[in-house]
Amino acid sequence: MKQNPILRKLGFAPGDRVAIIHADDVGMCQATVPAFFELVACGLVSAGSAMVPCPWFRETAAWWSRSPEVDLGVHLTLTSEWEHYRWGPVATCDPGSGIIDADGCFYRAPALMNRPDPQAALREMRAQVQRARDAGIDVTHIDCHMFAMLVDGLVDAYVALGLELGLPVLLTRQPAWLETLTTPAIDRWEEIGLPVFDHLREMPLDHPPEALLSAAKKVFDELPLGLTYLIMHPALDTPELRAIGGDWRQRVADYETFRNPELHDHVRRAGVHVIGWRSIRNLMPGS
């Protein structure tokens, strides 16, 4: 495998294993906010992304203002998956946009979207990033909740927004992404300066919580050469989190696992280089 050009520009060797350890869903509920900022302070988790349409986004922005060195992006949100805990767009109320269900919220899953209008989706995505910036956040990157931007022709709007704003967007060479987006398209985006991750890994939300420390160690032991994006979903154990969804135990276990000094030591011994998004953003065209 040829060396990832982003790693070469950052000064890494071809045989290095490099990872961004990323917390998704920051601000989805209250429990996610202190969990994320505590993990970043502990030193292993290197970045996260905020869900701007969600009720606890303002709390996320307030925490960030007290720790502006924290690497925080926007978790572009076009879905609202929980049964009783819902949210909707910040930029449109038009059902004709194809991104709003009968309750006035986002659809529960990407596959349920009603032929979404790419321009309406782009306006919504742009509005979410702008709201984060208006809240004072130095946005480092853009990624996508439930990978909703990979369906129904929305990826071009997703990539265009990153180029428009000078922000890297999450793109990977995982087989499912290559099948959906095509290798020529990903190669073209990389050639114009967008970063592309070699690998994607995700802490499971259906794994026995007591086994997550062992699972995390195994992920790092088996991390391949190149640049990996490792996703986790940390949260504190709160009544609100328990009421939202059945995977609350795994989210709490993510928080407890990634604050565990035993895992920190394991990652160091494994020789994995942990980086954030900010250094990658600095390599974007025109930065």
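Observations, loosely collected:
- Fraction of alpha-carbon pairs over 28 Å apart in the range 5-281 - percent: 33 percent
- Simple rule: put +1 on each Lys or Arg Cβ and -1 on each Asp or Glu Cβ in the chain, find the dipole, and look at LEU10, ALA132, TRP277; the Cα lying farthest toward the positive end is LEU10.
- Positive contributions from Lys and Arg (+1) and negative ones from Asp and Glu (-1), summed over other residues with Cβ under 10 Å from the Cβ of PHE36, come out at -3.
- Shape category assigned to the range 102-224 from the gyration tensor of Cα positions, a/c cut at 1.5: prolate
- Ordered by the number of other Cβ atoms lying within 10 Å of each residue's own Cβ, fewest first, THR238, THR182 fall into the sequence THR182, THR238.
- When each of CYS105, CYS29 is scored by the number of other beta-carbon atoms lying within 10 Å, the sequence from fewest to most is CYS105, CYS29.
- Between ASP138 and ALA243, the simple label model (points 7 Å from Cα in the Cβ direction) yields a spacing of 3.7 nm.
- Positive-end residue, the chain charge dipole about Cα centroid, Cβ charges, pick of LEU154, LEU171, PHE57: LEU171
- Computed with the Debye formula from one identical point scatterer per Cα of the range 145-287, without solvent, the log10 of I(q)/I(0) at q = 0.10, 0.11, 0.13, 0.14 Å⁻¹ comes to -0.43, -0.52, -0.72, -0.82.
- The alpha-carbon of LYS218 sits under 17 angstrom from the alpha-carbons of these aspartates and glutamates, leaving out residues fewer than 8 places away in its chain: GLU202, ASP206, GLU210, ASP254, GLU256, GLU262, ASP265.
- Contour minus Cα-Cα distance for ASP94 and ASN260 (0.36 nm per residue): 55.2 nm
- Note on GLN119 and ASP221: with the Förster distance fixed at 45 Å, the Cβ-Cβ geometry gives a FRET efficiency of about 0.50.
- Computed from phi, the 3J(HN,Hα) profile of the range 28-39 under the Karplus parametrisation 6.51, -1.76, 1.60 (θ = phi - 60°) reads 4, 8, 4, 4, 6, 6, x, 4, 4, 5, 5, 5 Hz, with x in place of Gly and Pro.
- Based on the Kirkwood approach, the hydrodynamic radius assigned to the range 158-223 is 13.9 Å, with every pair of different Cα atoms included.
- Placing +1 on the Cβ of every Lys and Arg and -1 on the Cβ of every Asp and Glu, with nothing else charged, gives the chain a dipole about its Cα centre of roughly 660 debye.
- Taking other Cβ atoms within 10 Å as a rough exposure proxy, TYR229, TYR255 sort from fewest to most as TYR229, TYR255.
- Taking amide H atoms as placed 1.01 Å from N in the peptide plane, the amide H of TYR107 lies under 5 Å from those of SER80, ASP101, each 5 or more residues away in sequence or on another chain.
- Amide H to amide H, with H built 1.01 Å from N, ALA19 comes under 5 Å of THR228, HIS273, VAL274, ILE275, counting only residues 5 or more places away or on other chains.
- Residue-wise HN-Hα couplings along the range 164-171, as the Karplus relation 6.51 cos²θ - 1.76 cosθ + 1.60 with θ = phi - 60° gives them from phi, are 4, 9, x, 10, x, 10, 5, 9 Hz; Gly and Pro carry x.
- Rounded to 5, the percent of DSSP beta bridges in the range 5-281 classed as antiparallel: 5 percent
- Amide proton proximity set for GLY98, modelled H, under 5 Å, gap of 5+: ASP117
- Couplings for the range 44-57, taken from phi via the Karplus curve 6.51 cos²θ - 1.76 cosθ + 1.60 with θ = phi - 60°, read 9, 5, 10, 6, x, 9, 9, 8, 4, x, 7, x, 9, 5 Hz in order; Gly and Pro are left as x.
- log10 of Debye I(q)/I(0), alpha-carbon scatterers only, for the range 48-116 at 0.13, 0.16, 0.22, 0.27 Å⁻¹: -0.42, -0.59, -0.91, -1.18
- Mean separation of Cα pairs under 8 Å and 6 or more residues apart, divided by the residue count, gives the chain a relative contact order of 26 percent.
Laboratory data are not the source of any read-out in this text; all were calculated from the coordinates shown. Here the structure is a predicted model, which is why all the values come from computation and not from measurement. We place every Cβ from the backbone using ideal geometry, glycine too, and count neighbours over all the protein chains shown.
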